[in-house]
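Working notes, beginning with the structure itself.
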Amino acid sequence: MVSTLRSTASASDNPGSQSALRRLNEQRIVEALMAGPATQAELSRATGLSTATVSNIVKVLQEASIVATEPTTSSGRRALSVRLNSNSAVAVGIDFGRRHLRVVVANLGYDILAEETVSLPLGHRADVGIAAAVDVLDSLLDDAGIDRRDILGVGTGIPGPIDHRTGSVAQGAILPEWVGFNLLSHLEETLGLPVFVDNDANLGALSEVTWGPHSSVANLMFVKIGSGIGAGLILNGEPFYGHVGVTGEIGHATIAEHGLVCRCGNRGCLETVASTTTMVELLSRGRKEPITPDDIVSQALAHDPATLRVIDDAGLAVGRALGNVANLINPEVIVLGGPLAELGDLLLDPVRRGLRRHAVPVIGQTTTVAMSSLGTRAEVLGAVALVFQHADISHHA
């Protein structure tokens, strides 16, 4: 399962070249080993590669200290058992939010080695966010005793569309100060490491089929409900990016034709009805200080009537938009993520009702709607998975 936006360091690779094919085959071996040690014969069956190809790749990965091997027996015959040397290579995930920055360092075994979340000022510029990310990363590496030479690359997510032709933040981002900014090249230049960037909802979808419980799902939709509302798509086992990488803009589906004017210029978009920004505005009326998304969660769990009504209205609107999308792509699973994930069924129930009301009956009945088990980590863990998919694992040392 490989997405399209790569580091500029690997941009010269022709998708059909021998080096690209080698990298893909290496990744298939590594992904197979993430389930646990296996013999070379088992790896051949799991990946569909010939035993000779598997043997050659294992030698390369062993020389790079990515895997370790030891003799074993299989069906009474001598064999070579292969396992990941998990701590030999790590990936960094960075999630830029409207008000936060989250950084994670993880190894090939999908173990989190270091993690930190810090606040960012509302309306921060890209250079401020990047400087904070560099400081946090340096601190994490020092505290965990991780050598920068072991970093395969840095995956980065941002709440807005990324133009995959250029790596620049496209119009429509929740961070308008970042629009037109080439996050890919600036981060790569600043960090001196390969960088891979994507929209945060796309990374949320990727995390659900790598870190999450949906690895066997071929058609999945991840919906992040936050200051904005975006969706990431896995279709036929692959991330879906469309023509230029701007997909999943479900937050700008029209819900109320004569509704409020949206930041995109249209009226009655889903974001004007169901974003956490709208919920905060509605529930802060008459208060001295505006509430936060965390307050929304705590008030709902305490069964505050006004909060429950706002959540129910928002959930129905989200479900209506999802029903239209489900009619088009027929996903097996729709996962909801974002800062309201702790609401569980309080949000899921109205979303399900809205979906069933607006989807074709058989689609409404067979589409699973679930809350992300990864919580607010989903996007940053997807950023880590993005690195493992694209980085030249055998040549990181």
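List of remarks:
- Complete set of residues in the stretch 370-380 that are free of Cβ contacts under 8 Å to residues at least 40 places away in the same chain and within 12 Å of the chain's Cα centre (by Cα): Gly375
- In summary, Gly237 fulfils each of the numbered conditions (1) of a type outside the set (Val, Ile, Thr); (2) touching a His at 6+ places or on another chain (Cβ under 9 Å); (3) within 24 Å of Ala378 (Cβ to Cβ) with the single exception of condition (2).
- Cβ pairs under 7 Å, 6+ apart, first in the stretch 247-276 and closer than 24 Å to Arg309 by Cβ, second among the acidic types (Asp, Glu) and surrounded by fewer than 20 Cβ atoms within 10 Å (Cβ to Cβ): Arg267/Glu257; Gly268/Glu257
- Failed criterion for Asp135 (all others in (1) surrounded by 15 or more Cβ atoms within 10 Å (Cβ to Cβ); (2) under 22 Å from His186 (Cβ atoms) hold): (1)
- Top-ranked residue of the stretch 267-323 - restricted to ones that are of a type outside the set (A, V, I, L, M), assigned to a loop (DSSP other than H, G, I, E, B) and farther than 17 Å from Ser227 by Cα, ranked as most open to solvent (accessible area, probe 1.4 Å): Lys288
- Test for Asn182: is it open to solvent by 20 Å² or more (accessible area, probe 1.4 Å), under 19 Å from Arg125 (Cβ atoms) and in contact with a strand residue (DSSP E or B) (Cβ under 8 Å, 6 or more places away or on another chain): yes
- Single match in Val92, Val58, Val82 (criterion: under 19 Å from Phe388 (Cα atoms) and part of a helix (DSSP H, G or I)): Val58
- Cβ separations smaller than 7 Å between residues 6+ apart or across chains give the following pairs from the stretch 381-396 residues that are over 18 Å from Glu188 (Cα atoms) to residues that are open to solvent by less than 10 Å² (accessible area, probe 1.4 Å) and at pLDDT below 90: Ser394/Glu26; Ser394/Leu61; Ser394/Ile66.
- When Val246 is tested against the conditions (1) open to solvent by 40 Å² or more (accessible area, probe 1.4 Å); (2) in contact with a Lys or Arg (Cβ under 6 Å, 6 or more places away or on another chain); (3) not in a helix (DSSP H, G or I), the lone failure is (2).
The values are calculated or read from the model by the stated rules, or taken from the named source; none is laboratory data. What you are looking at is a predicted structure, and each value in this text was computed from that prediction instead of being measured. Positions of Cβ are backbone-derived with ideal geometry, glycine not excepted, and every protein chain shown enters the neighbour counts. Surface areas here come from the heavy atoms of the whole protein model, side chains and all, with no ligands, DNA or RNA. Shrake-Rupley method; radii C 1.70, N 1.55, O 1.52, S 1.80 Å.
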